[in-house]
Amino acid sequence: MKKSVQKSFGVALFTLVVTGVCNSAIAKSEYFVSPGPDAQEKLQEAMIVAEPGDVIKLDAGVFALSDGLSLDVDNVTISGQGMNKSILSFKSQKAGSEGLLVTSNQVVLKDFAVEDTKGDAIKVKGVDGIAMIRLRVEWTGGPKTTNGAYGLYPVQSKNVYIDGCVAIAASDAGIYVGQSDQIIVRNSRAEYNVAGVEIENSFNADVFDNVFTNNTGGMLVFDLPNLPQQGGRDIRFFRNISKDNNTPNFAPEGNIVAIVPSGTGMIVMANENVEIFDNEFSGNDTMNVTVASYFDDYDDDTYKPTPKKIHIHDNVFGKSGLKPDSGMFGTIVNETVGTPVPDVVWDGVLPLMDYVFFGQAEGDKLAMHDNKHLADSRPFGNANMIMHVIAPIFHEAKFDLEPYNKSYPSLPVVEVIIRGRPAQELMN
Amino acid sequence: MALRIFRGLLLAVTLLTVALNLPQAAETVNDQLLMAKKPARYLSEYGLFLDKPARIPNARVISYDLNNPLFTDYAQKLRYIYMPENSAPAPYNESDVIEFPVGSVLIKTFAYPRDFRSPDKDISFIETRLLIHKKEGWKAYPYVWNADQSDAKLKVAGKRIPVSVIWEDGSKGTVDYAVPNMNQCKGCHVNALKEFAPIGPKVRNLNRIHHSDAGQRHNQIAYLRDLGFIGGGPDKASEMPKVPEPFTISDGNLFDRSRSYLDGNCAHCHSPGRPADTSGLYLNFEENREVHWGVNKPPVAAGRGSGGHLVDIKPGRPDQSILLFRMQSTDPGIMMPELGRSLIHKEGIELIEKFIKALD
């Protein structure tokens with residue numbers, strides 16, 4: 001059967017409609033590809049021969065693909081008939097560590113789905129300008145360790161726009177943005193992933209109006225050592241809902257997200273200037289929000305493991321932290337701050353000299369104000385992790401919010417420019 | 001030795017073929033076609049070889065080999081470089097790929113013997129890849145050989161070709177050979193400036209004895225210099241950098257041979273500025289920061305490629321090292337390299353296993 005994929009069946013499955021006329025240097029062509037035995041070849045061919053400005057249209061139906069696809073032409077649009085209509089299925093994928101790889105600038109992907117890839121679903125590497133609009137990436141068998149790692153995976157890119165997307169059952173992050181700059185993630189939904197959304201080693205991100213439910217952890221902001229871009233900073237999370245993220249962690253051991261305790265609303269690890277406001281957190285069995293240092297050994301003099309200027313305000317916290325995860329991270333939380341776990345937990349870790357003698361500089365401290373907590377809950381806990389490790393008998397957590405009752409100026413709005421205009425304008 | 005006999009046989013067989021096919025043979029390389037915007041449909045149109053089956057290279061089409069070639073499902077590889085007459089020599093350069101001038105072509109044919117117990121006999125060509133340095137930059141074109149081995153046709157969208165082989169132990173097998181599409185070529189063949197570029201011809205990989213037809217033991221770089229393909233550089237081979245052949249024990253110690261293997265098989269993506277630099281794992285030969293070549297380095301985006309292990313290389317523990325785990329897999333979501341193989345490289349795994357075991 002497989003061999004027949006290479007043969008043309010003589011059916012007009014692939015038509016090229018030239019809509020431009022010769023007077024323009026950039027003739028805009030439109031490709032229309034339908035499912036069928038030669039869809040793999042036709043689709044890949046279109047992605048190779050397309051010229052900047054061209055549109056590749058996907059018909060409705062299930063495209064059964066055997067190899068990863070890739071696009072390396074600037075300013076191309078790939079557009080389907082809808083995230084539940086045009087489906088690129090990689091169920092019988094034989095090669096390629098992702099479903100679709102984009103390495104060119106100013107690309108717009110919209111209205112289709114990528115299902116059941118062996119590795120990542122859609123990876124975008126090293127580009128300026130990528131819009132992912134109303135896409136669905138999903139592993140249809142539900143959460144499994146054997147699922148691919150990332151759903152939407154832009155990395156080392158600038159001007160990243162994700163709007164109206166759905167990501168389900170990734171064994172790492174449903175939506176992952178790494179080592180990038182100028183990022184918007186909005187109106188999207190991620191569920192049954194290990195991490196709903198993860199912003200890692202990135203600058204200038206706005207994550208808003210999204211819903212993260214039934215993941216292991218809803219929202220993660222991480223910074224890791226030994227990478228080409230680090231020092232994550234200037235990130236806003238607002239008007240998101242992160243609730244009922246209690247799926248047991250199914251990430252393969254060794255991956256950083258494998259440490260995320262089931263029942264986590266949000267983790268901020270390392271990073272500087274993260275503003276978290278107007279979000280709704282509830283039903284997360286381990287904790288709603290934790291602010292933590294990078295905890296592992298590392299060999300990197302330039303890396304800053306301690307989070308700074310984390311600003312949490314005007315959020316609504318519902319019932320959470322009633323049944324902390326029994327893994328390593330959850331157990332420590334339980335042992336240090338007790339249950340019900342406070343809504344915001346800081347690990348209290350500082351560079352040792354600061355911890356012992358000087359305390360954290362006032363201008364770097366965690367700031368919290370105007371959050372709504374349930375009447376019987378504890379808003380804040382400092383887990384005082386260092387003492388817990390070095391001298392457990394002297395350990396006590398601290399719950400006084402007063403030292404953190406302060407504010408920072410709001411961070412600026414992030415603008416993402418694609419094809420010379422604000423990315424929001426690409427929605428239609 | 002075996003290779004030279006193989007080449008001799010090939011020459012004899014193909015001279016005969018040429019004699020029979022002479023009317024169709026091209027006499028000079030078609031530079032105009034090579035430089036044209038559109039690639040030729042058939043390989044033979046370029047005239048890079050005197051015969052359609054591409055067994056006899058034309059003038060100025062020079063064979064060469066690398067110290068640490070990439071493993072590609074045990075395919076045999078025949079490499080040639082072409083430079084037009086009157087080309088200025090490519091400047092000798094130790095730090096990066098040698099920059100062959102516009103007009104140059106790198107040719108690589110992938111071939112399988114019918115039976116690996118006689119690797120010099122019944123060789124079928126599967127694919128010939130051309131890297132052509134056009135005015136607007138390097139371009140890659142895969143040509144796929146037809147069943148009767150009379151010519152190869154351009155295939156830009158990739159293709160899978162089942163190849164039946166008999167392995168060294170006599171067992172029968174099928175290689176699910178994958179011709180890359182043009183984008184997949186770029187997946188590896190891209191430099192730090194995101195331009196398409198050759199990978200292999202670096203001084204350190206080329207610094208070896210050349211199997212020239214005259215049977216003389218020329219150093220390959222000196223040989224290319226004598227032909228006017230490379231200009232400058234030290235006279236003595238010992239003064240030029242060299243990576244050892246990974247599987248030739250006399251060529252270097254275990255550490256250097258292993259790093260050479262990783263360089264040849266991984267560093268086209270895993271080095272600074274290359275496609276896999278997002279991971280911070282750099283396997284180029286000159287990387288000397290332990291954590292960056294993998295020692296106790298946690299993965300970044302490995303997914304199930306981690307195999308449940310915590311670090312890329314755990315000294316002394318190959319069984320707990322992600323790097324080896326990914327070499328041992330053929331699952332597209334796990335295996336490394338991502339492209340170019342459907343089989344595992346037993347000898348490579350053995351080497352890297354020993355290497356990790358010996359680290360402390």
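The values are calculated or read from the model by the stated rules, or taken from the named source; none is laboratory data. None of these values were measured; they are calculated from a predicted model. Cβ atoms come from the backbone with ideal geometry, glycine included; neighbour counts cover every protein chain shown.
Annotation note: of A:84, A:105, the sole residue that is more than 18 Å from the chain's Cα centre (by Cα) and either at pLDDT below 95 or under 20 Å from residue A:425 (Cβ atoms) (or both) is A:105. Filtered by the rule that a residue be under 17 Å from residue B:158 (Cα atoms), in a strand (DSSP E or B) and without any contact (Cβ under 8 Å) to a residue 40 or more places away in the chain, segment A:87-98 gives A:95, A:96, A:97.
Applying the criterion of being over 23 Å from residue A:161 (Cβ atoms) and surrounded by 24 or more Cβ atoms within 10 Å (Cβ to Cβ) to the residues of segment A:198-233, the residue that is nearest to the chain's Cα centre (by Cα) is A:217. When restricted to residues that are modelled with pLDDT of 95 or more and in a loop (DSSP other than H, G, I, E, B), segment B:151-160 contains 1.
Determine, yes or no, whether residue B:281 is outside the structural domain of residue B:188 (by TED's automatic domain parsing), closer than 30 Å to residue A:300 by Cβ and part of a helix (DSSP H, G or I). Answer is no for this residue.
The single condition among (1) of a type in the set (A, V, I, L, M, F, W, C); (2) crowded, with 16+ Cβ neighbours inside 10 Å; (3) assigned to a loop (DSSP other than H, G, I, E, B) that residue B:106 does not meet is (3). Residue A:257 falls short on exactly one of the conditions (1) assigned to a helix (DSSP H, G or I); (2) touching a Phe, Trp or Tyr at 6+ places or on another chain (Cβ under 6 Å), and that condition is (2).
Checking each residue in segment B:263-278 for being free of Cβ contacts under 8 Å to residues at least 24 places away in the same chain, of a type outside the set (Val, Ile, Thr) and within 8 Å of another protein chain (Cβ to nearest Cβ) picks out only B:277. Name every residue in segment B:40-54 that is surrounded by fewer than 22 Cβ atoms within 10 Å (Cβ to Cβ) and in contact with a Leu (Cβ under 7 Å, 6 or more places away or on another chain), in order of residue number. Listed by number, the residues that qualify are B:40, B:41, B:45. Looking only at residues that are of a type outside the set (D, E, K, R) and surrounded by 19 or more Cβ atoms within 10 Å (Cβ to Cβ) in segment B:145-160, which one is farthest from residue B:53 (Cα to Cα)? If we take residues in segment B:145-160 being of a type outside the set (D, E, K, R) and surrounded by 19 or more Cβ atoms within 10 Å (Cβ to Cβ), then B:157 is farthest from residue B:53 (Cα to Cα). Under the condition of being surrounded by 10 or more Cβ atoms within 10 Å (Cβ to Cβ) and more than 13 Å from chain A (Cβ to nearest Cβ), the residues counted in segment B:164-174 number 6.
Taking every residue in segment B:163-175 that is aromatic (Phe, Trp, Tyr) and pairing it with any residue that is at pLDDT below 95, at least 6 positions away or on another chain, the pairs with Cβ-Cβ distances below 8 Å are B:167/B:173.
Cβ-Cβ distances below 9 Å connect the following pairs, each with a first residue in segment B:183-200 that is within 11 Å of chain A (Cβ to nearest Cβ), a second residue that is assigned to a strand (DSSP E or B) and among the basic types (Lys, Arg), and a separation of six or more residues or different chains: B:185/B:129; B:196/B:139. Confirm whether residue B:140 is under 21 Å from the mean Cα position of the chain (by Cα) and within 20 Å of residue B:265 (Cβ to Cβ). Criteria met by residue B:140. Only one of B:314, B:354 is surrounded by fewer than 22 Cβ atoms within 10 Å (Cβ to Cβ), more than 17 Å from the chain's Cα centre (by Cα), modelled with pLDDT of 95 or more and away from chain A (no Cβ under 12 Å). Can you tell me which? Step by step, each of B:314, B:354 is checked, and only B:354 is surrounded by fewer than 22 Cβ atoms within 10 Å (Cβ to Cβ), more than 17 Å from the chain's Cα centre (by Cα), modelled with pLDDT of 95 or more and away from chain A (no Cβ under 12 Å). The set of residues in segment B:307-360 being of a type in the set (Asp, Glu) and in a loop (DSSP other than H, G, I, E, B) consists of B:312, B:331, B:338, B:360. Scanning segment A:71-90 for residues that are buried (at least 21 other Cβ atoms within 10 Å of the Cβ), of a type in the set (S, T, N, Q) and either within 14 Å of chain B (Cβ to nearest Cβ) or farther than 14 Å from residue A:57 by Cβ (or both) returns no hits.
Answer with yes or no whether residue B:139 is modelled with pLDDT under 90 and either assigned by TED's automatic domain parsing to the domain that holds residue B:344 or closer than 19 Å to residue A:71 by Cβ (or both). In short, no. Restricting attention to segment A:320-371, the residues that are surrounded by 15 or more Cβ atoms within 10 Å (Cβ to Cβ) and among the aromatic types (Phe, Trp, Tyr) add up to 3. If the condition is being in a loop (DSSP other than H, G, I, E, B) and free of Cβ contacts under 8 Å to residues at least 12 places away in the same chain, then segment A:315-341 contributes only A:326.
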